[in-house]
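The values are calculated or read from the model by the stated rules, or taken from the named source; none is laboratory data. Only a predicted model underlies this, so the values are computations on that prediction, with no experimental measurement involved. Positions of Cβ are generated from backbone atoms using ideal geometry, with glycine treated the same way; all protein chains shown enter the neighbour counts. The protein model used for the area step is the full one, side chains on, heavy atoms only, and it has no ligands, DNA or RNA in it. Shrake-Rupley method; radii C 1.70, N 1.55, O 1.52, S 1.80 Å.
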Amino acid sequence: MSERSIEARKKQLMKMFQRVIDPLGYKFNPDNELVDFIMEQEVKLEREAGAPFCPCQALPERREDRMKLVCPCIPYHRKHFDAMKACWCQLYVHKDITDTSQLEQIPITELE
Amino acid sequence: MAKIVMYTLSTCPWCKKAKTFFEENDITFESIDYDLEDKESQKEIITKMKELGGTTATPFVIIDDIVIVGYRPKEYAKALNLGDGSE
Amino acid sequence: MNAGGVNLKENNKWVSVSVSSEFSDGSMKVVSVGDQRILLIQVQGKIYGIENTCIHMNCPMHRGLLEGYTIKCPCHDWEFDIRTGEHLMADELKIPVFECKIDENDVLIKMEG
């Protein structure tokens, strides 16, 4: 996969995902370097595993479980992500977040 | 010395940060990139993650018998008695 | 006016897109109105219309699985209620829906503007 095709797909995915995250109250992380890295992983995952999966969650075998990890996976982890004010990999953060250093990964088991 | 095993993904930036934390503190650890393992090992790993932590989110760090899911330097430091964990 | 082989008989905002004899419960048909592709689905004798494009990654919904009033996108299994267009897990996410009715034998879709 050429650098150029990775970049082009990244842009396409980000445009589509923006449409989804906006009504859910999220925006792309203001840390551009992190967004760039995660999106690149997603483009590669899409080519290799068939979908732009979350790069920070181990992919289970069952389709039903895997599909809950396709980015943006916010609808399937709403309570968890709303409590963290970010999705697990922090590609997306709540719209009111400006200081991302305050964000922390907290497993769902600690929030239940 | 604590035994540290970490389940990670080669695609996960927070896993890289977790590894860096242990490296910078000169702590030996074993890390297994789930996505680079074969299907059989993946099955075993995912079963273990669910059993121990109820999740398949990474980084998944096991320090002796303490499970810490996520990039959480303060929690790692606490489990290792390293002080406040600030970098 | 002819779009995608469908004869459009404009009647105020209601546009004729098909004939009711082509439908039975569970049947799905894609029609074109201008540049829009609309998926018509009949459930319990009533016809519903949704845009034929998933809001996630633009997949064509007509290849999806219909179960009751729920349609599942064939690409990544996002599920929507065909009556409201709402995603089952997050009602803020909506596929645009179109009001449909049957007038004599014609299937009509209400188009905006």
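May I ask you to say which residue of C:I102, C:I47, C:I109 is assigned to a strand (DSSP E or B), open to solvent by 40 Å² or more (accessible area, probe 1.4 Å) and more than 14 Å from chain A (Cβ to nearest Cβ)?
Testing whether each residue is assigned to a strand (DSSP E or B), open to solvent by 40 Å² or more (accessible area, probe 1.4 Å) and more than 14 Å from chain A (Cβ to nearest Cβ) leaves just C:I102.
So, C:K29, is that one over 23 Å from A:R19 (Cα atoms), basic (K, R) and either more than 14 Å from every other protein chain (Cβ to nearest Cβ) or in contact (Cβ under 8 Å) with a residue 12 or more places away in the chain (or both) or not?
Against the criterion (over 23 Å from A:R19 (Cα atoms), basic (K, R) and either more than 14 Å from every other protein chain (Cβ to nearest Cβ) or in contact (Cβ under 8 Å) with a residue 12 or more places away in the chain (or both)), C:K29 qualifies.
Which residues, counting only those in segment C:58-89, are assigned to a loop (DSSP other than H, G, I, E, B), surrounded by fewer than 21 Cβ atoms within 10 Å (Cβ to Cβ) and either within 11 Å of chain A (Cβ to nearest Cβ) or touching a Cys at 6+ places or on another chain (Cβ under 7 Å) (or both)? Break it down stepwise before answering.
Residues of segment C:58-89 that are assigned to a loop (DSSP other than H, G, I, E, B), as a first pass: C:58-59, C:64, C:68-69, C:73-78, C:82-85, C:88-89.
Then keep just the ones that are surrounded by fewer than 21 Cβ atoms within 10 Å (Cβ to Cβ); that gives C:58-59, C:68-69, C:74-75, C:77, C:83-85, C:88-89.
Those that are assigned to a loop (DSSP other than H, G, I, E, B), surrounded by fewer than 21 Cβ atoms within 10 Å (Cβ to Cβ) and either within 11 Å of chain A (Cβ to nearest Cβ) or touching a Cys at 6+ places or on another chain (Cβ under 7 Å) (or both): C:N58, C:C59, C:P74, C:C75, C:D77, C:L88, C:M89.
Select from segment B:62-76 the residues that are in a helix (DSSP H, G or I), open to solvent by less than 70 Å² (accessible area, probe 1.4 Å) and without any contact (Cβ under 8 Å) to a residue 40 or more places away in the chain and list them in ascending order.
Result: B:E75, single match.
With the condition being hydroxyl-bearing (S, T, Y), I'd like the helices (runs of 4 or more DSSP H) fully within chain A carrying at least 1 qualifying residues. Reasoning before the result, please.
On the way: elements: A:3-21, A:32-49, A:63-66, A:78-84, A:108-111.
Those helices (runs of 4 or more DSSP H) span A:3-21, A:108-111.
Failed condition for B:T47, given (1) open to solvent by less than 60 Å² (accessible area, probe 1.4 Å); (2) at pLDDT 95 or above, with all others met?
Exception for B:T47: condition (1).
Answer yes or no as to whether A:E64 is under 16 Å from C:C73 (Cβ atoms), acidic (D, E) and without any contact (Cβ under 8 Å) to a residue 24 or more places away in the chain.
yes
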